[in-house]
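**Q** Before I ask anything, here is the structure I am working with.
Nothing in this text is a laboratory measurement; each read-out follows from the coordinates by a stated rule. Bear in mind the structure is a predicted one, so any value in this text is a computation, not a measurement. Note that we place each Cβ from the backbone using ideal geometry, even for glycine, and neighbour counts take in every protein chain shown.
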Amino acid sequence: MEDPAGFKAVDGAAADYFVRFLDTRRSVAGELYVKQVIKDLLDLGPGLDVLDVGSGTGDDLAELAAMLGPGGSATGLDLSSTMVTEARRRTAGSGLPIEFVEGDANELPFEPATFDRARAERVLMALPDPQRAVHELARVTRPGGMVVLSEMDAGTIFVNSSNRELTRALVDGFATELPTPDAGRNLQRLLMNAGLQDVRLVSTVIQNSVAFTRMLFADRIARLATEQEADAFWAELEQAEQEGWLCTGGTNFTAAGRATT
């Protein structure tokens, strides 16, 4: 199933889809803006040790590793062996201080206070108990270090299709299949409950292209609608993009907190 809510299939038949999905995300202006927000909140510099939980294809962490200079290190962790293999392939021979390991966000395989910075982007919505993962991120972050979380809130997804019934079924179904669809709006609470201080929040409305919206929802639309309804749905969005009134996307929340103990 080519559907981002089907994250459990990353190492199965849909593995290639998830690699393409992450690559396509980087073509959306709003997504790139969010990634810059994350960088700014991390406040990186030479010599820091950085952890990326849910590191995916490794492209984001590679950019961060290039900012760490001599003495710094970048470690990516992902539950998917497919993603770890792809990240290693993409960074092989780069000379960057970077490594990728398989692991679970709920049980990070690192000693306490190992990293100066830790990030997790679009991870918590896929976890039944995101608080456990945030406690783990706080545990492995050194006092004074930063933890940065970023999540798209599935309850804020919008699509300006005139087929309101189909749109409602699309959005509601997507949110229902995610373990924690409202993780984004709860990032501040999650960080504070984990003992982090100086918590800050940045909200960003991301507007998607039709191409990326297709990647998000084409499989789901095909299951929800007749072929005629699906064709009309996509034709209208294509027209909207051509004429300049397309409005599809959602709200992303990015939060940062400082570790104290």
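**Q** Quick one: order THR24, THR141 by neighbouring beta-carbon count within 10 Å, fewest to most. Before the final figure, lay out the partial values.
**A** On the way: THR24 17, THR141 27.
So the residues, fewest neighbours to most, are THR24, THR141.
**Q** Where does each of ASP59, ASP153, ASP116 land when they are ranked from fewest to most other beta-carbon atoms within 10 angstrom? Kindly include the intermediate steps, with their values, before the conclusion.
**A** On the way: ASP59 17, ASP153 20, ASP116 23.
Listed from fewest to most nearby Cβ atoms, that is ASP59, ASP153, ASP116.
**Q** A follow-up question, please. What is the antiparallel percent of DSSP beta bridges lying wholly in the chain, to the nearest 5?
**A** Working: 20 of 40 bridges.
Roughly 50 percent of the DSSP beta bridges within the chain come out antiparallel.
**Q** Which trypsin sites (Lys or Arg not before Pro) in the stretch 128-168 sit in a loop by DSSP (not H, G, I, E or B) and have at most 14 other Cβ atoms within 10 Å of their own Cβ? List each step's numbers first, then the result.
**A** On the way: sites: ARG132, ARG139, ARG164, ARG168; in loops: none.
In loop regions of the stretch 128-168 (DSSP not H, G, I, E or B), there are no sparsely surrounded trypsin sites (Lys or Arg not before Pro).
**Q** Show me the three semi-axes of the equivalent ellipsoid for the stretch 21-134, from the C-alpha gyration tensor (sqrt of 5 times each eigenvalue), largest first, rounded to whole Å.
**A** Details: eigenvalues 71, 62, 48 Å².
Those come to 19, 18, 15 Å.
**Q** Any chance you could run the full-extension gain for GLU63 through SER27? It's 0.36 nm times the residue separation minus the Cα-Cα distance, nm to one decimal.
**A** The span from GLU63 to SER27 would gain 11.4 nm if fully extended.
**Q** Could you list which residues have their amide H under 5 Å from that of THR156, counting only those 5 or more apart in sequence or on another chain, with H placed in the peptide plane?
**A** Result for THR156 returns THR251.
**Q** In what order do LEU41, LEU124 fall by count of nearby beta-carbon atoms within 10 Å, going from fewest to most?
**A** If I rank by nearby Cβ atoms, fewest first, I get LEU41, LEU124.
**Q** How many angstrom lie between the Cα centre of the stretch 35-54 and the Cα centre of the stretch 143-222?
**A** With the stretch 35-54 and the stretch 143-222 each reduced to a Cα centre, they are spaced 21 Å.
**Q** Pull up the DSSP beta bridges for the stretch 39-168 and report the antiparallel fraction as a percent, rounded to 5.
**A** Working: 1 of 21 bridges.
In the stretch 39-168, approximately 5 percent of DSSP beta bridges are antiparallel ones.
**Q** With the cut-off at 1.5 for a/c, could you classify the stretch 8-81 from its C-alpha gyration tensor as rounded, prolate or oblate? Don't skip to the answer; put the middle values down first.
**A** Working: a/c = 2.90, a/b = 1.54, b/c = 1.88.
Oblate.
**Q** Tell me the chymotrypsin sites (Phe, Trp or Tyr not before Pro) within the stretch 167-261 that lie in a loop according to DSSP and have at most 11 other beta-carbon atoms within 10 Å. Each step should come with its number before you reach the end.
**A** Values: sites: PHE174, PHE212, PHE217, PHE233, TRP234, TRP245, PHE253; in loops: TRP245.
Those satisfying the criteria are TRP245.
**Q** Under the Kirkwood approximation applied to all pairs of distinct alpha-carbon atoms, what is the hydrodynamic radius of the stretch 7-258 in Å? Mind showing how you got there, number by number?
**A** Details: mean 1/r = 0.0529 Å⁻¹.
Computed over Cα pairs of the stretch 7-258, the Kirkwood hydrodynamic radius comes out at 18.9 Å.
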